[in-house]
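A short reminder: the numbers here are calculations on the coordinates, not readings from a lab. Computed from a predicted model, the values in this text were never measured in an experiment. Ideal geometry is used to build each Cβ from the backbone, glycine not excepted, and the neighbour counts take in all protein chains shown.
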Amino acid sequence: MQYAKQIIIAGFVLLLFAAPVLAQPQKVVADRIAGIVGDQIILLSDIKNSIADIARQGGTVPPNAECLIMEQALISKVLMIQAQKDSLPVTDEEVEAELDQKIRYYINQLGSQEALEEMAGKTVYQIKDDARESVKEQKLGGAMQRKIVDNVRMTPVEVQAFFDRIPTDSLPFYESELEICQIISYPKASRDIEQYVFGEMVKYKQQIESKVISFDQLAKQVTEDPGSKDRGGQYQINRNEKSWDPIFMSTAFRLKEGEISAPVKSKFGYHIIQMVQRNGDDAIVRHILRMPPITDDELNEAKGKLDTIRSKIIAGTLGFNEAASKHSDDEAAKFAGPCITDRDGSTYVTIDQLDKEMVGMLSKMKVGDISQPTNFIGDQGKKGVRIVFLKSRSEPHRMNMRDDYSKISQFALEEKKGKILDKWLSEKVPTYYIMVEDSMVQECPKVAKYATDKKSF
């Protein structure tokens with residue numbers, strides 16, 4: 001049985017099955033039980049809702065989707081029950097945090113809580129109630145899977161053997177990848193400009209409170225936050241989200257509904273914030289952002305500081321990573337290091353993942369070069385200065401052990417984990433009471449192999 005293979009290549013299906021958040025209510029003539037694992041049942045409606053969710057989110061629904069999801073459901077139940085037997089810790093707080101994260105994801109995708117509730121045909125609280133047990137099952141199953149494979153390791157001999165089994169004409173082709181590190185300086189505006197912008201924000205607050213103009217109308221006119229300008233400065237936020245500036249969050253959650261804050265300064269600039277609606281740790285707020293403009297004088301001063309740092313690095317008296325940790329205004333550099341990463345956290349990036357100014361700079365650099373301090377525009381349109389270190393650059397190539405050992409090692413590790421998980425499941429599945437509905441047995445031959453009780457229903 002290809003238990004582990006199905007889990008690894010179709011994990012996203014299990015995620016959707018575990019939390020059919022967007023499944024819309026529909027009239028069901030007669031729902032039925034599709035399978036039983038121990039005392040756990042799998043409903044046909046759950047499987048169909050998961051397929052509908054895949055389609056609704058723009059995914060490709062394979063012809064055998066019903067069979068594939070049924071397999072995932074059976075495996076999920078086995079992993080969950082074994083996790084409970086082994087007393088693996090999954091707390092209610094972890095489940096609630098996962099639910100909140102899923103809800104925030106869908107809200108961000110759809111634009112508002114109201115849009116989510118309209119699409120789902122139920123309130124956020126009902127969505128969470130409906131998904132709570134499934135999310136707990138998902139987390140228990142994940143904990144069990146980690147227990148089975150977390151200690152799996154690869155030796156260089158195993159990595160080489162894995163690579164040798166790949167047919168030469170099947171080796172993937174990789175575009176050029178680069179490792180790029182940077183030290184960033186965001187200069188501060190002059191005191192006079194800061195005071196001027198602060199005064200402007202005070203006037204905005206007065207205009208809104210005197211009803212000369214509404215908050216959302218003024219935000220559409222003057223805010224410098226492109227992410228919320230079209231929405232009149234509106235965001236849906238959660239107190240526990242770490243991506244927001246802490247000063248912005250603490251100010252927002254001190255406000256009463258309808259109240260507008262005094263101007264406050266965050267790392268992005270000055271804000272005035274209005275609390276529109278609050279429900280516990282969730283809130284809808286509006287804000288207006290103004291960024292004190294940076295002049296050439298401030299930029300030139302920042303260039304001078306980075307030029308001094310660059311000279312010390314080239315002279316060997318200061319390491320690049322140490323310099324970034326001490327002097328970079330890039331917050332990520334202080335925790336994850338100064339190198340640019342992709343969405344998966346890898347420090348190897350392709351040219352299409354970089355901004356145009358960076359691409360132009362790198363075209364004139366060799367591996368090992370450190371650029372002169374150069375102006376650039378960062379997040380939220382902030383003006384800054386940076387020096388860039390081109391750490392490595394691979395040529396376009398077919399996969400090989402010299403250039404791609406870390407990738408090959410990871411692929412080999414996943415295969416080894418899959419085999420171990422497959423062996424564990426092949427031993428465990430027969431010890432569970434599993435029944436599969438008769439039509440599922442007939443339509444899905446692979447599913448039939450899971451049934452330990454050959455009586456159908």
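Could you tell me the center-to-center distance, by alpha carbons, between the stretch 295-315 and the stretch 86-135 in angstrom? What the calculation gives is 48 Å, centre to centre. Straightening the chain between Asn108 and Ile377 buys 94.3 nm, computed as 0.36 nm per residue apart minus the Cα-Cα spacing.
Counting only alpha carbon atoms, the long axis of helix 124-149 and the longest principal axis of the chain meet at about 80°. Summarised in one figure, the compactness ratio Rg/Rh of the stretch 33-128, Cα atoms and Kirkwood Rh, is 1.01. When you filter the trypsin sites (Lys or Arg not before Pro) in the stretch 188-280 for DSSP loop state and at most 14 other Cβ atoms inside 10 Å of their Cβ, you are left with Lys188, Lys211, Arg239, Lys242, Arg254, Lys256, Lys267. Taking a point 7 Å from the Cα of Ile351 along the Cα-to-Cβ direction, the residues of the stretch 175-191 with backbone N closer than 17 Å to it are 175-180. Give me the percent of Cα-Cα pairs in the stretch 191-290 that sit more than 18 Å apart, rounded to a whole number. Across the stretch 191-290, Cα pairs with separations above 18 Å total 42 percent. Taking label points 7 Å from Cα along the Cα-to-Cβ direction, Lys229 and Tyr125 give a separation of 3.9 nm. Given their separation in residues at 0.36 nm each and the Cα-Cα distance between them, Arg146 and Gln160 gain 2.5 nm when the chain is fully extended. For the chain, find the longest principal axis of its Cα atoms and tell me its angle to the long axis of helix 92-110, 0 to 90°, nearest 10. Result, in degrees: 70.
Across the stretch 274-288, computed HN-Hα scalar couplings (Karplus, 6.51 cos²θ - 1.76 cosθ + 1.60, θ = phi - 60°) run 10, 7, 8, 7, 9, 9, x, 8, 9, 8, 10, 10, 10, 8, 10 Hz from first to last residue, x flagging Gly and Pro. In percent, rounded to a whole number, the relative contact order of the chain is 21, using alpha-carbon pairs under 8 Å and six or more apart.
Taking every alpha-carbon pair in the stretch 245-378 and binning the separations at 5 Å intervals from zero gives 2, 8, 12, 14, 16, 13, 12, 10, 7, 4, 2, 0 percent.
Can you compute the label reach from Glu118? Point 7 Å from Cα along the Cβ direction, backbone N cut-off under 16 Å, restricted to the stretch 201-232. Of the residues in the stretch 201-232, 231 have backbone N under 16 Å from the label point off Glu118.
How high is the FRET efficiency from Lys326 to Lys407, r the C-beta distance, R0 35 Å, rounded to 0.05? Each step should come with its number before you reach the end.
Numbers: r = 33 Å, r/R0 = 0.93.
Working from the Cβ atoms, E equals 0.60.
Length, then width, then depth: along the principal axes, the Cα atoms of the stretch 162-203 run 69, 23, 17 Å. A simple count of charges around Lys428, restricted to other residues whose Cβ falls under 13 Å of its Cβ and scoring Lys, Arg +1 and Asp, Glu -1, yields +1.
Close amide H contacts of Phe253 (hydrogens built in the peptide plane, cut-off under 5 Å, sequence separation of 5 or more or a different chain): none are found.
Extension gain, Phe253 to Asp342, is 28.8 nm, computed as 0.36 nm per intervening residue step minus the present C-alpha separation. Against the main long axis of the alpha-carbon atoms of the chain, helix 65-85 sits at an angle near 90°. Note on the chain: Rg/Rh from Cα positions, Kirkwood definition for Rh, rounded to two decimals, is 1.04. For Asp329, the residues whose amide H sits under 5 Å from its own are Ile184, Ser185, Tyr186, ignoring neighbours fewer than 5 places away on the same chain, with H placed 1.01 Å from N. Scoring 284-292, 309-317, 324-332 by mean Cβ neighbours within 10 Å over their residues and listing the highest first yields 284-292, 324-332, 309-317. Beyond 24 Å, the tail of the calculated P(r) for the stretch 338-457 holds 57 percent of the Cα pairs. Each peptide in 168-174, 415-421 receives the mean, over its residues, of other Cβ atoms within 10 Å, and ordering these scores from highest gives 415-421, 168-174. For Ala34, the residues whose amide H sits under 5 Å from its own are Ile42, Leu43, Leu44, ignoring neighbours fewer than 5 places away on the same chain, with H placed 1.01 Å from N.
Projected label points at Asp92 and Glu414, each 7 Å from Cα along the beta carbon direction, are separated by 3.7 nanometres. Note on the stretch 76-187: percent of Cα-Cα distances in each 5 Å bin, starting at 0 and stopping at the bin with the largest distance, equals 2, 9, 12, 10, 9, 9, 12, 13, 14, 8, 3, 0.
Placing a pseudo-label 7 Å from each Cα along the Cα-to-Cβ vector at Asp169 and Ser394 gives an inter-label distance of 2.4 nm.
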